[in-house]
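Undergrad: A single structure is presented below for examination.
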Amino acid sequence: MEETAAALEHLAEVAALERKPRQRRMLVIVNPYATTMSDRVRSLVVYALQGRYDVQAVDTQAKGHAIELCREAAHEGYDVVVAFGGDGTVNEAANGLVGSPTPLTCLPGGATNVYGRMLGIPNDVVDATEHLLGLADAWRERRVDLGRLGDRRFVFSAGMGLDASVVERVDSNPRLKARFGPWYFAHSAVRTFLARYVVRPPRLDVTVGDKTLRGVSAFVQNGEAYTYFQSHPIEVASGAALDSGDLSGAVLTRASPVDVPTVAFRALSKRAEIGRHRQVQPFSGVQEVVVRSVDGRPLPVHVDGDHIGDEVEARFAVEPKALRIVC
């Protein structure tokens, strides 16, 4: 922490010396409860950014607050919004900025920070802050796709079934999530599988184009990575990019005590592909994926690693070039 604080203070001093007359208006949306957040880090990051931008920082107060803040920022004509938190904060910010001319960027404050890594933003808060300071002289906006589930957008992944059940368990224990990070996800995955998927597991019908697949879990990607385990990207399927105009994903057709360990091995392997597993059916190049519970049981659904409820049917779609970003 002391090294991080010292580095941020140095960045702030350098940025102040390079201050330009015309500064872009920046709204920094901070999740004060994010995994790696502290009052000191927040203050130092904002102080550093003020060297090159006209900065206002606001803390989120509850779920959904960042969506409201971003809609207001777009209406007020901010030049950029920074989501400073985890992927849940980024998701809400994107939902607030969708279709607006105000671009989004992010700073790492969560346990995984998937979207920031996909944008090429460093996962260290000092390096990421320096990166944002450098953007002041090399402003590069681009338009990227968003996934959609009902009226909720997602920036990189969504799912229904086993992985969403794991997310539901993890989200119910934020203290353990913050303390153990990806290892708590792995622990929760094992416990969820044993509790819900060994005896009478839920079944899904997944319709992709003119084909319907039967399985126990559906994974949908809006980019190259579905998530990360520490520094390792986990790619469930290939084909989708942030600006490809389509989705990719996979269906886990069976989850037995024999299958799950070998699927997990492929997820963590740098060589073995998940899509080549005999119980995984990958898909790519699609605009819509419809997932239905076979027996009518509502099943957990997640977007960008946040559990958003249980549904009998989920329709995943893509909105091409719906979000502006700066990275």
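Each reported figure results from applying straightforward, stated rules to the coordinates on display, with no laboratory input. Being a predicted model, the structure only gives us computed values, none of them experimental. Glycine gets a Cβ as well: all are built from the backbone with ideal geometry, and neighbour counts include every protein chain shown.
Undergrad: Label Ser43 and His232 with points 7 Å out from Cα along Cα→Cβ: what is the distance between them in nm?
TA: 4.0 nm
Undergrad: Also, I was wondering about something else. Give a residue-ordered list of calculated ³J(HN,Hα) values for segment 202-216 (Karplus: 6.51 cos²θ - 1.76 cosθ + 1.60, θ = phi - 60°; whole Hz; x for Gly, Pro).
TA: Values, residue by residue: x, 10, 10, 10, 10, 9, 10, x, 9, 10, 10, 10, 9, x, 10 Hz.
Undergrad: What does the net charge come to around Pro32 if you take all other residues with beta carbon closer than 11 Å to its beta carbon, with K and R at +1 and D and E at -1?
TA: Computed value for this residue: -1.
Undergrad: Let me ask another. Tally Lys/Arg at +1 and Asp/Glu at -1 over every other residue whose Cβ is under 14 Å from the Cβ of Met118; what's the total?
TA: Summing Lys and Arg as +1 and Asp and Glu as -1 gives -4.
Undergrad: What does the charge dipole of segment 279-327 about its Cα centre add up to, to the nearest 20 debye, if the Cβ of each Lys and Arg holds +1 and the Cβ of each Asp and Glu holds -1?
TA: 200 debye
Undergrad: Then there's this: With θ set to phi - 60°, apply the Karplus curve 6.51 cos²θ - 1.76 cosθ + 1.60 along segment 65-70 and write out the HN-Hα couplings as whole Hz, x wherever there is a Gly or Pro.
TA: Rounded to whole hertz, the list is 5, 5, 4, 4, 4, 6.
Undergrad: I've got another one for you. Which of rounded, prolate, oblate describes segment 22-103, given a ≥ b ≥ c as roots of the alpha-carbon gyration tensor eigenvalues and a/c under 1.5 marking rounded, otherwise prolate only if a/b is larger than b/c?
TA: Oblate.
Undergrad: OK, next. Using the Cβ atoms and a cut-off under 12 Å, what net charge is assigned to the surroundings of Ser284, where Lys and Arg are +1 and Asp and Glu are -1?
TA: Summing Lys/Arg as +1 and Asp/Glu as -1 gives -3.
Undergrad: With +1 on each Lys and Arg Cβ and -1 on each Asp and Glu Cβ, how big is the dipole of segment 63-125 about its Cα centre, in debye rounded to the nearest 20?
TA: 160 debye
Undergrad: Across segment 43-51, in residue order, what do the Karplus-derived ³J(HN,Hα) couplings come to in whole Hz, using 6.51 cos²θ - 1.76 cosθ + 1.60 with θ = phi - 60° and x for Gly and Pro?
TA: Karplus-based 3J(HN,Hα) across segment 43-51 equals 4, 5, 5, 4, 4, 5, 5, 5, x Hz.
Undergrad: Given charges of +1 on the Cβ of Lys and Arg and -1 on the Cβ of Asp and Glu, with all other atoms neutral, how large is the dipole of segment 1-137 about its Cα centre, in debye to the nearest 20?
TA: Here segment 1-137 has a charge dipole of around 340 debye.
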